[in-house]
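Chemist: Just dropping this structure here.
The values are calculated or read from the model by the stated rules, or taken from the named source; none is laboratory data. Not measured: the values here are computed from a predicted model. We place every Cβ from the backbone using ideal geometry, glycine too, and count neighbours over all the protein chains shown. Ligands, DNA and RNA are excluded from the accessible area calculation, which covers all protein heavy atoms including side chains. Shrake-Rupley method; radii C 1.70, N 1.55, O 1.52, S 1.80 Å.
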Amino acid sequence: MTQLSGKLKWWQSGIIYQIYPRSYQDSNGDGVGDLRGITSRLPYIASLGVQAVWLSPIFKSPMDDFGYDVADYCDIDPLFGTLEDFDALVAEAHRLGLKVMLDYVPNHTSNQHDWFKDALEGHDSPKRDWYVWRDPAEGGGLPNNWKSFFGGPAWTLDEYSGQYYLHQFLPSQPDLNWRNPEVRAAMFEVLRFWMRRGVDGFRVDVIWLLAEDERFLDEPENPDANRQVVGGQIEHSTLLHIYTQDQPETHEYIREMRGVIDEFDDRMMVGEIYLPLDKLLPYAGTPDVPMVHLPFNFHLILLGWEAATIREFADQYDAECIKAGAWPNWVLGNHDQHRFKSRVGAPQYRVAQTLLLTLRGTPTVYYGDEIGMRNVPIPFEKMVDPAGLQQPDSPNAGRDPERTPMQWNAGPNAGFTTEGVNPWLPLAADADTVNVHSEEADPQSDLNYFRALTRLRAQVPALVAGDYRSLDTAHDDVFAFSRSLQGQKVTVLLNFGTFDRDLGSLAAGQTLLSSEGDLPVPELPLRPNEARVVLA
Ligand code: NOJ
């Protein structure tokens, strides 16, 4: 069933590295990261052993949602640079053997986009139907009970026309009407524009939200409200989103989108989709009618951090991927989720990192996680994320803590921006010690552990292309699995607990790596919080 590593595509064998451009490297001293800054750091990124760089949005934007509100899909925001800077970034990345992926935001534009400005001209505007409009309910008021992810209604009244427009996020992020073929054609041209410029792939924002049910009925109450809250969206979780998410038409539009991607050679797209497994994997399509190359699997973020829970999910996911002919993928962090070192706790950090980089499937790594960056506490008066500001009663809603500047060295502003300049978000208090420069010099650092893992993937084909099988142990707090390819077998042993665990013959073989920084003999029990990779 498994393909040999030589036959895998880059997005199957490689690691995707996500950059939040505002926070990576500032080159012009305005306290905000930019494209030239990123280009100057590409050699570092290549040195990590990753294959592709995904940039969160860099397009023209009023930045109400920090770039996820796009005012021009085919231009770079001056804050980040110019199209020439972008071309230089792509050229340098390709020279270093790195692929470049952009963030494609098809569900909504900014209200500053010319399309929306035209649509506001009134009912007769040629662009009116490019957005989703409804009359007020009978007797006045909101058309229905749909809610925005960031709290409050998903509808805002346009006083001029007397109609409401839909926005699943901020009022300044109106939803595009994907039912309109002109919208689809225009948005597909955007993909071609960037692919012609050399872009290798796209991360597609909220791809499971593209279409809404045409009846515009109220959504039912969620009996489990507040239990499964992603990113602290407490109000949004009070409804079951059966009319605003995962609609059959969305699947059709994605098939069309895939057709556009396939007009070009060796490109790919990964879709942002927060859905349970049975609804997630259909987004890969079928081998005959493919959809997204990788439907993001966020379950390592969503599940409880227990060995048995993770094993159960990994078994089911791997089996379902094989059945569906889909390639698996794994994520521990992104710009919407708290840093995983803070989530799972520092003692479990390397167990999590090892899991991410040894399970079968493409790993996505969020910038700074390779050096062990943690959430940076942001007091309310310094908060800038609209999701946090709009939901003051949801303490977890703010996403600033995971978006703080990259920590490059122990100098002023951690090397992120010029001395004396205020970075757009505060730097971590531990930036003096948790930074690239200090960690490069320390053989036992998180950064060197990350590099050891990526080196191992490069040296041991079974870790990339091998079959996955979980292994029984006598201990509830240990997750063990093997990866096998053509007679090569590697065992991964992960201690989620705080006791020495004797694993007997499971640990037999040659230890290739341990999170403890040594190469223990097989007889040595798996130590508390230890991750070990063994050539069986
Ligand atoms: C998902 C993005 O990841 C998030 O950062 C953004 O706020 C919303 N989509 C709206 O675009």
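Chemist: Which of the listed residues, Gly368, Ser394, Asn222, is farthest toward the dipole's positive end in the chain, when Lys, Arg count +1 and Asp, Glu count -1 at the beta-carbon?
Modeler: Of Gly368, Ser394, Asn222, it is Gly368.
Chemist: Another question about this same structure. Could you run the Karplus curve 6.51 cos²θ - 1.76 cosθ + 1.60 with θ = phi - 60° over region 199-209 and give me ³J(HN,Hα) per residue in whole Hz, x for Gly and Pro?
Modeler: Ordered by residue, 3J(HN,Hα) equals 5, 8, x, 9, 9, 9, 5, 5, 5, 7, 9 Hz.
Chemist: Continuing with the same structure: Please work out how much length the chain gains when fully extended from Lys7 to Asp265, using 0.36 nm per residue of separation minus the C-alpha to C-alpha distance, in nm with one decimal. Could you put the intermediate results ahead of the total?
Modeler: Numbers: separation 258, 0.36 × 258 = 92.88 nm, distance 1.56 nm.
Taking 0.36 nm per residue and subtracting the Cα distance, the gain is 91.3 nm.
Chemist: Can you bin region 114-166 into rounded, prolate or oblate? Criterion: square roots of the alpha carbon gyration tensor eigenvalues sorted a ≥ b ≥ c, rounded for a/c under 1.5, prolate for a/b above b/c, oblate for the rest.
Modeler: Numbers: a/c = 2.52, a/b = 1.47, b/c = 1.72.
Here region 114-166 falls in the oblate category.
Chemist: Protein chains only, probe 1.4 Å: how do Asp124, Asp472, Asp477 rank by accessible area, largest first? It would help to have the intermediate numbers written out before the result.
Modeler: Details: Asp124 145, Asp472 120, Asp477 30 Å².
Listed by decreasing accessible area, they come as Asp124, Asp472, Asp477.
Chemist: On a full-extension model of 0.36 nm per residue, what is the gain between Phe216 and Arg455, subtracting their alpha-carbon distance, rounded to one decimal in nm?
Modeler: Working: separation 239, 0.36 × 239 = 86.04 nm, distance 5.18 nm.
Using 0.36 nm per residue and subtracting the Cα-Cα distance, I get 80.9 nm.
Chemist: Name the shape class, rounded, prolate or oblate, that the alpha-carbon gyration tensor gives for the chain, where a ≥ b ≥ c are the square roots of its eigenvalues, rounded holds for a/c under 1.5, and otherwise prolate holds if a/b is larger than b/c and oblate otherwise. Don't skip to the end; give the middle numbers.
Modeler: Numbers: a/c = 1.67, a/b = 1.48, b/c = 1.13.
Prolate is the answer for the chain, as a/c is 1.5 or above and a/b outweighs b/c.
Chemist: In debye, nearest 20, what is the charge dipole magnitude of region 431-536 about its Cα centre with +1 on Lys and Arg Cβ and -1 on Asp and Glu Cβ, if you could check?
Modeler: Working: 9 positive and 15 negative charges, 122 e Å.
Using only the charged Cβ atoms, the result is roughly 580 debye.
Chemist: Once the other residues with Cβ under 12 Å from the Cβ of His293 are scored (Lys, Arg +1; Asp, Glu -1), what is the net sum? Numbers along the way, then the final one.
Modeler: On the way: positive: Lys9, Arg203, Arg258, Arg267; negative: Asp200, Asp262, Asp266.
Charge balance near His293 sits at +1.
Chemist: Also, I was wondering about something else. Quick check on the chain: helices-only [θ] at 222 nm, where DSSP H runs of length 4 and up contribute -39,500 (n - 2.57) each and the sum goes over total residues. Nearest 500, please. Intermediate values should be presented prior to the final figure.
Modeler: Details: 16 runs with 134 residues, N = 536.
Using -39500 (n - 2.57) per qualifying helix, the result is -7000 deg cm²/dmol.
Chemist: Report the gain in length on full extension from Asp114 to Ala308: 0.36 nm times residue separation, minus Cα-Cα distance, nm rounded to one decimal.
Modeler: Numbers: separation 194, 0.36 × 194 = 69.84 nm, distance 5.13 nm.
Value of the extension gain: 64.7 nm.
Chemist: Which value, in debye to the nearest 20, describes the size of the charge dipole of the chain about its Cα centre when Lys and Arg Cβ atoms bear +1, Asp and Glu Cβ atoms bear -1, and nothing else is charged?
Modeler: 1840
Chemist: Tell me which of Thr354, Ala119, Gln247 sits at the most positive position along the dipole axis of the chain, charges placed on C-beta atoms (Lys, Arg +1; Asp, Glu -1).
Modeler: Thr354
Chemist: Once you place label points 7 Å from the Cα toward the Cβ at Lys323 and Thr418, how far apart are they in nm?
Modeler: It works out to 5.9 nm between the two label points.
Chemist: Tabulate in residue order the Karplus-calculated ³J(HN,Hα) for region 363-378, using 6.51 cos²θ - 1.76 cosθ + 1.60 with θ = phi - 60°, rounded to whole Hz; enter x for Gly and Pro.
Modeler: Rounded to whole hertz, the list is x, 10, 10, 8, 3, x, 5, 6, 9, x, 5, 10, 4, 9, x, 10.
Chemist: Which entries in the list Lys9/Lys279; Lys279/Lys382; Lys60/Lys382; Lys117/Lys147; Lys147/Lys323 go over 32 Å, if you measure between the two C-alpha atoms of each? Can you show the working numbers first?
Modeler: Details: Lys9/Lys279 25 Å; Lys279/Lys382 38 Å; Lys60/Lys382 24 Å; Lys117/Lys147 23 Å; Lys147/Lys323 36 Å.
From Lys9/Lys279; Lys279/Lys382; Lys60/Lys382; Lys117/Lys147; Lys147/Lys323, over 32 Å: Lys279/Lys382; Lys147/Lys323.
Chemist: With label points built 7 Å along Cα→Cβ from the Cα atoms of Ile242 and His94, find their separation and express it in nm.
Modeler: 4.9
Chemist: Tell me, what is the per residue accessible area of region 114-166 in Å², probe radius 1.4 Å? Write down the numbers at each step before the final one.
Modeler: Working: 2640 Å² over 53 residues.
Ligands and nucleic acids excluded, the result is 50 Å² per residue.
Chemist: Please give the Cα centre distance for region 108-140 versus region 303-357, rounded to the nearest Å.
Modeler: Here the answer is 41 Å between Cα centres.
Chemist: Can you tally the net charge around Glu221? Count Lys and Arg as +1, Asp and Glu as -1, for every other residue whose Cβ sits under 13 Å from the Cβ of Glu221.
Modeler: On the way: positive: Lys147; negative: Asp218, Glu219, Asp224, Glu235.
Value of the local net charge: -3.
Chemist: Please say if region 1-116 is rounded, prolate or oblate, where rounded means a/c under 1.5 for a ≥ b ≥ c the square roots of the C-alpha gyration tensor eigenvalues, and otherwise the choice is prolate for a/b larger than b/c and oblate otherwise? The partial results should precede the final answer.
Modeler: On the way: a/c = 2.49, a/b = 1.49, b/c = 1.68.
Taking the square roots of the gyration eigenvalues as a ≥ b ≥ c, region 1-116 is oblate.
Chemist: Once the dipole of region 466-535 is set up with Lys and Arg at +1 and Asp and Glu at -1 on Cβ about the Cα centre, which of Val521, Gly487, Gly509 lies farthest towards its positive end?
Modeler: About the Cα centre, the residue reaching furthest to the positive side is Gly487.
Chemist: Something else about it: Ranked from the most accessible area to the least, with a 1.4 Å probe and all protein chains present, what is the order of Ser148, Ser40, Ser342? Write down the numbers at each step before the final one.
Modeler: Working: Ser148 0, Ser40 75, Ser342 50 Å².
Accessible-area ranking of Ser148, Ser40, Ser342, largest first: Ser40, Ser342, Ser148.
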